[in-house]
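A quick write-up on the structure given underneath.
The values are calculated or read from the model by the stated rules, or taken from the named source; none is laboratory data. Only a predicted model underlies this, so the values are computations on that prediction, with no experimental measurement involved. Here the Cβ positions follow ideal geometry from the backbone for every residue, glycine too, while neighbour counts run over all protein chains shown. When the accessible area is computed, the model is the full protein with side chains, heavy atoms only, and any ligands, DNA or RNA have been set aside. Shrake-Rupley method; radii C 1.70, N 1.55, O 1.52, S 1.80 Å.
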Amino acid sequence: MKLERLFEVKESKLYKVSGEAFPTEGKAYPVKWSSVEGGAEEYNEDFLAKLRDDLKALEEKNLFVFIEPVFDKSAGYEQFTAAMKHTARRIKDCVSVIGFAIPAEVLEHKSFYIEELSAKHQQYCFFCKENAGSDVVLY
């Protein structure tokens, strides 16, 4: 099931596809890597099912969020990206998801991260803070 794009990025600002500016403040929905991926690189499907239910509840209220992954494990960016890609698959039908944040720990590999998560979710927008104290940059 592919969702239609509801948002787009122009000049590093977020807009609804209708052209109306959409603020990003207060739209982050934190998701810990350790919650997505249990022991031995297995995914916590119970957590992901609850996450989907929570996002569907937001959808019913016509609310929108960015998934803000929390890089709270010691493995590398590839394993982290795989966990977030799996998360994206589990929430693929959640209209309430604008896209994903790019954590500082994967910023050096942001092209890989964006490519992996966008492969089957072209409606997603991405955001990050490129430097401490800087404005949010959208992709």
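Things worth noting here:
- Theoretical ellipticity at 222 nm over the chain - DSSP helices of four or more residues, -39500 (n - 2.57) apiece, nearest 500: -9500 deg cm²/dmol
- Amide H partners (placed H, <5 Å) of Ile98, local residues excluded: Val65, Phe66, Ile67
- Counted by Cβ distance under 11 Å from Tyr113, the other residues give a net charge of -3, where Lys and Arg count +1 and Asp and Glu count -1.
- Charge dipole (debye, nearest 20) of the chain; +1 at Cβ of Lys and Arg, -1 at Cβ of Asp and Glu: 380
- Net charge contributed by nearby residues that have their C-beta within less than 13 Å of Glu8 (K/R +1, D/E -1): +1
- Proximal lysines relative to Lys32, as straight alpha-carbon distance under 27 Å, when same-chain residues fewer than 8 apart are discounted: Lys2, Lys13, Lys50, Lys56, Lys61, Lys73, Lys85, Lys92, Lys110, Lys120, Lys129
- With only the Cα atoms considered, segment 26-69 has a convex hull volume of 52 Å³ per residue.
- The base-10 log of I(q)/I(0) for segment 7-138, evaluated at q = 0.22 Å⁻¹, reads -1.49 [Debye formula, identical scatterers on Cα atoms, solvent excluded].
- Share of carbon and sulfur in the accessible area of segment 7-138 stands at 47%, probe radius 1.4 Å.
- Taking amide H positions as modeled 1.01 Å from N, with prolines and chain starts lacking one, the residues under 5 Å from Phe22 and 5 or more places away or on another chain are Leu14, Tyr15, Lys16.
- Rounded to whole numbers, the Karplus 3J(HN,Hα) couplings from phi for segment 95-106 are 5, 5, 8, 6, x, 10, 7, 10, x, 3, 5, 10 Hz, using 6.51 cos²θ - 1.76 cosθ + 1.60 with θ = phi - 60°, and x at Gly and Pro.
- Under 5 Å between amide hydrogens, built in the peptide plane, is the criterion, and for Lys32 it picks out Val70 among residues at least 5 positions away or on other chains.
- 3J(HN,Hα) from dihedral phi, segment 23-35, Karplus parametrisation 6.51/-1.76/1.60, rounded to Hz, x for glycine, proline: x, 9, 4, x, 9, 7, 10, x, 9, 6, 4, 5, 7
- With all protein chains kept in place, the per residue accessible area of the chain amounts to 56 square angstrom at a probe of 1.4 angstrom.
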